[in-house]
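Input: a single structure, listed below in structure tokens.
The values are calculated or read from the model by the stated rules, or taken from the named source; none is laboratory data. All values reported here derive from a predicted model rather than from experimental measurement. For the accessible areas, the whole protein counts, side chains as well, though only heavy atoms, and no ligand, DNA or RNA atoms are used. Shrake-Rupley method; radii C 1.70, N 1.55, O 1.52, S 1.80 Å.
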Amino acid sequence: RRVTNPHTGLAGRKFDAAIMVTASHNPPKYNGLKLLNPDGSAFSSWQQKQIEGLISGQISMDIQWDSMQTGDLYSSAVDQHIVRILKDFPEKQNIKVVVDCGCAAAYDITPKMLNQMGCQVVAMNCTANGIFPHDVEPIEANLTDLMQAVVENQADLGIAHDGDADRVMAVDDLGRFISGDKMLAIFSTVSGGREIVTTIDASMCIEELGYNVIRTRVGDPYISEELKKGDGFGGEPSGAWVFPQISLCPDGVYGAAQIVDIARHKKLSTLVDGIPAYPVIRGNVAGTIPDMDLLVSKLKELNPLSVNTIDGIKLIFQDGWMLVRPSGTEPKIRITSEAKNEVTARRIYDNGAQVIKKYIREV
């Protein structure tokens, strides 16, 4: 039986650590080890460096053979996770849900849980064959079949996971993909607090909804680390939602139950239309940054209200913002801008790109 990342995160509470073998939404050749603390949070940067040091031999640790123990099968992790989720959603959810698990880890877990919640489940790609029927990253371009199925089945919503189900995204009752920024806003309405932890690239609409927003570097480990300091809710627009009341591991299965419960009380299309949406422009410039401090100083000449450098360079303007981040995998500089209208978003983007092209090393 397959186990999802959030199941592993919750089960880790009973051990000193947990390890998930996963490639997330990537092909099998990218499988690796994701290391989790007992609270479900991913290993911190410091912990990762310790592991890398042990592997490379830069750090030594003597382990005696007589301290080694035999392995054992922990077969109840999935059921324990479902029981824990159902504890928070005891009422019957008499709505229709289309579920696309992408033939991945949650193929029988999320449909089973939703059936137990009382949902009428229309299952898509919910078999275990080891082959993704489509790119399993839950973005709009990969979920056209799900959007169509919601309309054809007159369902109340559709949900989709990534490969290891630490992420979940949704489609509303009109068959429209719900953006990650709007998902964040919707989850925030039932979080029970006014503090939201999200990444530096999330939409400015979150602040405009009245929340106290804490911004982190891009990546759910940074969100989980920040959530240890308080009792808020956190997530990033990619679909990784962290519910601290259950675990600091992003939990797409819990997120599926939460969005279903929200849809039971109010149509998702109504909620979606009530959240502001602003034009976002994304692009990149080929090259690398030889002098980050110089680039920051030159970008400041665009007269932003403030500059944030926790992850790349984010310039905040009166009417929008721009984020400049080097790609972690390619010699590219990624640029994102958001503003309250298309003309302003384009102006901010073009002004930034013009500066960047002067101060990068071309490849």
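At a probe radius of 1.4 angstrom, the accessible area of the chain per residue rounds to 49 square angstrom.
Along its principal axes, region 99-161 has C-alpha extents of 29, 23, 14 angstrom, given from the largest down. Taking only protein heavy atoms and a 1.4 Å probe, the accessible area of the chain is 50% carbon and sulfur. In percent, rounded to a whole number, the relative contact order of the chain is 14, using alpha-carbon pairs under 8 Å and six or more apart. Note on region 94-135 and region 160-207: Cα centroid distance 20 Å, given to the nearest whole angstrom.
Stretched out fully, how many nm does the piece from V343 to Q120 gain, at 0.36 nm a residue minus the Cα gap? Please report the intermediate quantities before stating the final value.
Numbers: separation 223, 0.36 × 223 = 80.28 nm, distance 4.43 nm.
Additional length available on full extension: 75.8 nm.
Accessible surface of S191, taken over heavy atoms with a 1.4 Å probe and every protein chain present, rounds to 40 Å².
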